[in-house]
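Derivation of every value follows stated rules applied to the coordinates shown; laboratory data play no part. All values reported here derive from a predicted model rather than from experimental measurement. With ideal geometry, Cβ positions are generated from the backbone for all residues, glycine too; neighbour counts draw on all protein chains shown.
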Amino acid sequence: MTDGKLLVLGLESSCDDTAAAVLRVSTESDTEILSSVVSGQADLHKDFGGVVPEIAARAHAEMLDLCVEQALDQASVNLKDVDLIGVTSGPGLIGGVLSGVMSAKAIAMGAQKPLVGVNHLAGHALTPRMTDAIEYPYLMLLISGGHCQFLIVKGTNQFVRLGGTIDDAPGEAFDKTARLLGLPQPGGPSIDATARDGNPTEFALPRPLLDREGCDMSFSGLKTAVLRVRDEIISEKGGLHQSDINDIAASFQRAISDVLVEKTRRAIVEYLKLLPQTPTFAVAGGVAANSEIRAKLQDLCADHSIAFNAPPLKYCTDNAAMIAYAAAEIYMNDLVDPTHLVARPRWPLDQSKRPLIGHGKKGAKA
Ligand code: KG4
Ligand code: ZN
């Protein structure tokens, strides 16, 4: 550590992206992301309709060293100058998490560097601090292909979960719906683009759990509703026209965004009761890229006079920069816990709440 600055190497391999990054993190909150290498595995899984855990684990084991080398090269940093290594040690697909933890242990042992195990969800949750130095506390909505939860982020390892999905994550719903409509994967961007030409009020799709108090969500029923609408059109017209696909995509996206906006409204009200001073809301995860959802969440925050933060997309989706950053905060605040270096499929951030049920195709939820 020089001049209060920590040079950190991060590794991530909990789902279908192998990633490594090098950051210079300072106590003054001016983080420099020197490199962030992400190697996706979409091609390896495309014929299987989802991520195959064994294929993912093997690909991570093969790619991790290469990603680390590239990340160090791009940052013009020598491993011997690194002060700290951070690795995702859960939650996620256990084979991939193990690949990362084993690689990181080998690198740390060989180079004699301290190693910190990082909760992947904490990486996402602390991202607005890495990209925009936002202060604690803040309210976060984490929405991706594997995760969906509202968190009050109070400190480096202080999280209060206000609610989350009880089944699928919204990204899974986008991906499955795209598959039903014959649109390419990943489904989120395809539906986002297709919905622009459709009528969002053409089909009355359900808004699951809006009738239930609180911030829990459910997305698994939506794809069944889409399937029913699709099959009705096919039996009426003998097939789907492009305008039908556009209308279904738009109606589906509107249903998801209505649910997310209403549940976020409730989370904001709850948050403001607890922490009314200088409130900030942040959204992260791949689904935060959705144009309609992003715009509506921003409007909602404006209505409640609450600051809105959405990190750049490449740091919303899975990456190792967020893991390196979280490792640095843990290390600088003397919060290192050696038991965190054990690979875990499940690892809820808020240990006081009962785990959310559900285990999506992209891994265990927490
Ligand atoms: O955070 P992420 O890269 O990986 C994890 O799942 O952890 O999120 C990927 C998910 C996919 O399900 C993808 O369809 C969704 O994010 N996504 C979107 C958009 N772009 C990506 N969903 C809706 N609209 C988008 N524009
Ligand atoms: Zn993630």
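Just 100, 155, 171 to compare: in a GNM of the chain, with alpha carbon springs under 10 Å, which one fluctuates most?
Highest fluctuation among the options: 155.
Cα-Cα over 29 Å: which of 5/314; 5/296; 46/296?
5/296; 46/296
Stokes-Einstein at 25 °C, 0.890 mPa s, Kirkwood radius from Cα pairs: D for the chain in µm² s⁻¹?
Values: Rh = 20.9 Å.
Here the translational diffusion coefficient equals 118 µm²/s.
For the chain, modelled as a Gaussian network with Cα springs under 10 Å, which listed residue fluctuates most, 60, 124, 241?
Its mean-square fluctuation being the largest, the pick is 241.
Let me know the Kirkwood hydrodynamic radius for the range 9-80, please, with Cα pairs as the basis and the value in Å to one decimal.
In the range 9-80 this quantity evaluates to 13.1 Å.
What longest region of the chain stays clear of GluC sites (Glu not before Pro) that DSSP places outside H, G, I, E and B and that have at most 11 other Cβ atoms within 10 Å?
Within the chain, the longest run free of exposed GluC sites (Glu not before Pro) spans 214-366.
Over its Cα atoms, what ratio of radius of gyration to 2.2 N^0.38 Å does the range 138-313 give?
1.06
Per 10 Å bin from zero, what fraction in whole % of the C-alpha pairs of the range 25-154 is there, up to the bin with the longest pair?
Result returned by the calculation: 11, 35, 37, 16, 1.
How large is the helix-only mean residue ellipticity at 222 nm for the chain, computed as the sum of -39500 (n - 2.57) over DSSP H runs with n ≥ 4, divided by its residue count, in deg cm²/dmol to the nearest 500?
Details: 11 runs with 158 residues, N = 366.
About -14000 deg cm²/dmol.
Once the Cβ-Cβ distance between residue 237 and residue 196 is put in as r, and R0 is 22 Å, what FRET efficiency do you end up with, to the nearest 0.05? Could the numbers behind the result be given before it?
Details: r = 23 Å, r/R0 = 1.03.
Once rounded, the FRET efficiency stands at 0.45.
If you add up the charges near residue 86, with Lys and Arg at +1 and Asp and Glu at -1, over every other residue whose beta carbon is less than 10 angstrom from its beta carbon, what do you get?
Residues near residue 86 contribute -2 overall.
Provide the net charge surrounding residue 158, with neighbours chosen by a C-beta distance below 12 Å and charges set as Lys +1, Arg +1, Asp -1, Glu -1.
Once positives and negatives cancel, what remains is 0.
Only bridges whose two residues both fall in the range 138-313 count here: according to DSSP, what percent of them are antiparallel, nearest 5? Mind showing how you got there, number by number?
On the way: 12 of 20 bridges.
Here the share of antiparallel DSSP bridges comes out near 60 percent.
Shape call for the range 100-155 from the C-alpha gyration tensor, a ≥ b ≥ c root eigenvalues: rounded (a/c under 1.5), prolate (a/b greater than b/c) or oblate?
It is prolate, given that a/c is not under 1.5 and a/b is the larger ratio.
With a cut-off of 8 Å between alpha carbons and a minimum separation of six or more residues, what is the relative contact order of the chain in percent?
Rounded, it is 25 percent for the chain.
What trypsin sites (Lys or Arg not before Pro) does the range 169-202 have in DSSP loop regions with at most 15 other beta carbons within 10 Å?
Sites meeting the loop and neighbour criteria: 196.
Counting DSSP beta bridges with both partners in the chain, what percentage is antiparallel, nearest 5?
Working: 31 of 48 bridges.
If we restrict to bridges inside the chain, about 65 percent are antiparallel.
Of the listed pairs 154/223; 113/353; 263/353, which have alpha-carbon separations greater than 24 Å here?
154/223; 113/353
How much net charge surrounds residue 254 when only other residues with a Cβ under 11 Å from its Cβ are counted (Lys, Arg +1; Asp, Glu -1)?
-2
Take the chain, connect every pair of alpha-carbon atoms lying under 10 Å apart with a spring to form a Gaussian network, then pick out the residue of 339, 317, 201 with the largest mean-square fluctuation.
Its mean-square fluctuation being the largest, the pick is 339.
In nanometres, what is the gap between the two model label sites at residue 73 and residue 336, each 7 Å from Cα along Cα-to-Cβ?
3.0
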